[in-house]
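FYI, it's all coordinate maths here, none of it is from the lab. Nothing here was measured: the structure is a model prediction, and the numbers come from that model. Cβ coordinates were reconstructed from backbone atoms using ideal geometry, including for glycine residues, and neighbour counts include every protein chain displayed.
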Amino acid sequence: MKKTPISLIIDDPAPVLSVYFTHASRDTTADGRKLMEYYPNELLFRFCDVIERWGIKGKFSVVPMPGNRGDIINGIEGVTKRDLDEWMDTVKKRVEGPFSIGPEMLTHNLAVDLVTGEALGMDEQKWASTKDRKILTEYIARALSILKEAGFDPVGVTSPWTFGIEVEDEYQAAISAAVERVSGSKKAWFFLRGRRGVPDAKPWVALEEDGRTLVSIPATLHDHFWRTIDEPRTDDAFVSYLADKILTEDGKGGKFVEVLETGGFPILISHWQSLMSNGLATGLRALDETARRIAKNFSDRVEWMSFCEILDLVIADKASFPKPVF
Ligand SMILES: [Zn+2]
């Protein structure tokens, strides 16, 4: 029997700087600790150890101009060149490949003027909500170009918040055109929507236009590690409790099983800040434990795939991946 694809979405990473810190409207965690502005590269190394240990694959964002504080080519405020280079080199060597790298638009904070680079007076989601494909194509192409200049080869994008959802037809056409312009690829993926609590939750062919194909890959689970940002607990029982939400030790309970049993692809999601857990890395430990349970209970039934692998799988059998009714 063919194995069911599974994948992991990681939203919001950027070199060292916490993009979440730059747009969170607070300075402290719920229990009063200072919210971390920068994550040491040791935590990235630990993430790499976890994905290598279990062969985890998926999608990993690199925000090109994180938080309106510079960019990944010319430097980021508060981040040394050594740390920036180390972060980028590590992602190229240990994350790219198993994880498809893509931008999460330019800043994941305030939209920018593409001519001056100056921040506009609104966040990227609000900015995008009234734009057409022509303007969105330029914006997305800039994000892809910065990643390309940095040495990646992105053929997909992640939507910061729900960027583009109000004008999704225009947004989809823009992604497809921007990917072809920057990388030459006629196939592209994007992540915007979730498909949770519905049967048969799978990716779908979102757009076919001018010989190009765009595939929408949804999250089919929630980010159960988000709460670790605000949680000082780090004990094993807590880590086990977090993993239980996705998959219990015996392989019988958790959202992972629900998605699998209803015919869908379990596409997990987490955020960089959820794995870093404000420096405690509790979310990362919960990911490690979750992946161990998946390997233990389902290694004969599921297979980790990158977004590029899922993209190829969908394009090879388009009729099996119709657009769902929302
Ligand atoms: Zn995000």
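Quick notes
- At an R0 of 41 angstrom, the distance between the Cβ atoms of Ala295 and Asp132 translates into a FRET efficiency of 0.35.
- Sites excluded, GluC sites (Glu not before Pro) in DSSP loops with at most 16 other C-beta within 10 Å, longest stretch of the chain: 119-248
- Note that the chain carries a Kirkwood radius of 19.9 Å, evaluated over its alpha carbons pair by pair.
- Annotation: the stretch 70-218 has a Kirkwood hydrodynamic radius of 16.1 angstrom, from the mean reciprocal C-alpha pair distance.
- DSSP-assigned coil residues among trypsin sites (Lys or Arg not before Pro) in the stretch 234-326, each with at most 12 further Cβ atoms within 10 Å: Lys252
- Prolate/oblate/rounded call for the stretch 101-172, Cα gyration tensor, a/c under 1.5 rounded: oblate
- Shape index of the stretch 248-326: Rg/Rh, with Rg the Cα radius of gyration and Rh the Kirkwood radius from the inverse mean 1/r over Cα pairs, equals 1.03.
- Rg of the Cα atoms in the stretch 184-290, relative to 2.2 N^0.38 Å, amounts to 1.26.
- Between Glu208 and Arg227, the simple spin-label model (points 7 angstrom out along Cα→Cβ) gives 4.4 nm.
- Span-rule helices in the chain, defined as complete DSSP H runs reaching 15 Å or more along the axis (Cα) with Kyte mean at least -1.0: 41-54, 133-149, 168-183, 236-246, 282-298
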